[in-house]
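The values are calculated or read from the model by the stated rules, or taken from the named source; none is laboratory data. Note that the structure is predicted; figures quoted are calculated from it, not measured. Don't worry about glycine lacking a Cβ; one is built from the backbone with ideal geometry, like all the others, and counts go over all protein chains shown.
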Amino acid sequence: MNTLVVCSHCEKINRVPLDKVAAAHPVCGSCKAKLPLHDGVQDVSGAGLVKLIRTADQPVVVDFWAEWCGPCKAFAPTFTAAARQLGGQFIFAKLNTEQHGQAAQTYQIRSIPTLIVFKNGAEVDRQSGAMPQAMFTQYLARWKA
Ligand SMILES: [Zn+2]
């Protein structure tokens, strides 16, 4: 099984085998920069996200967050755990709303954390606020490809 990762350096989309994600830190096939992937979760910019949701066959789940946000930090391990469990079925991405303020505006993020699910290039749902692990897994099950 593969996941798609947008290179934060050259914005090329990389197809990365999930077993390789666990084994080593993958690099971009085009520019050889380290891909922004940690435990199956990738950091995206606004432009990267647009590319990702256009290309992905799987639904893309995005956690809009910021460094100063306590509930965001508390939710991070839950998001990572879900990525480990459902990495073949969904693409898990995080967008830092401080670093990518324009993207936060584009997606009209009013509070964080906000979770948005994209399917076939379009937003299908969004949730504001963190969720406990079991609830998050149940929530994602609704959007399986
Ligand atoms: Zn690259």
For segment 100-145, enumerate the residues that are part of a loop (DSSP other than H, G, I, E, B), over 16 Å from CYS72 (Cα atoms) and free of Cβ contacts under 8 Å to residues at least 24 places away in the same chain.
GLN108, ASN120, ARG142
Kindly evaluate ASP63 against the criterion of being among the acidic types (Asp, Glu), closer than 28 Å to ALA141 by Cα and within 16 Å of the ligand (Cβ to nearest atom).
no
Going through (1) closer than 25 Å to VAL124 by Cα; (2) within 16 Å of the ligand (Cβ to nearest atom); (3) not hydroxyl-bearing (Ser, Thr, Tyr) one by one, ALA76 fails only at (2)
Test each condition in (1) away from the ligand (no atom under 16 Å from the Cβ); (2) in contact (Cβ under 8 Å) with a residue 12 or more places away in the chain; (3) of a type in the set (A, V, I, L, M, F, W, C) for VAL50 and report the one that comes out false.
(2)
Condition first: in contact with a helix residue (DSSP H, G or I) (Cβ under 8 Å, 6 or more places away or on another chain), surrounded by 14 or more Cβ atoms within 10 Å (Cβ to Cβ) and under 19 Å from MET1 (Cβ atoms). Can you find one or more residues in segment 94-112 that meet it?
no
Answer from TRP143, TRP65 - the residue that is at pLDDT below 95, surrounded by 15 or more Cβ atoms within 10 Å (Cβ to Cβ) and among the aromatic types (Phe, Trp, Tyr)
TRP143
Give me the strands (runs of 3 or more DSSP E) completely within segment 1-49, filtered to those with at least 1 residues that are of a type in the set (Lys, Arg), ordered by residue number.
13-17
Can you work out which of the residues in segment 12-35 that are within 10 Å of the ligand (Cβ to nearest atom) and under 15 Å from the mean Cα position of the chain (by Cα) is surrounded by the most Cβ atoms within 10 Å (Cβ to Cβ)?
LEU35
May I ask you to verify whether ALA47 is within 13 Å of VAL5 (Cβ to Cβ), modelled with pLDDT of 95 or more and surrounded by fewer than 16 Cβ atoms within 10 Å (Cβ to Cβ)?
no
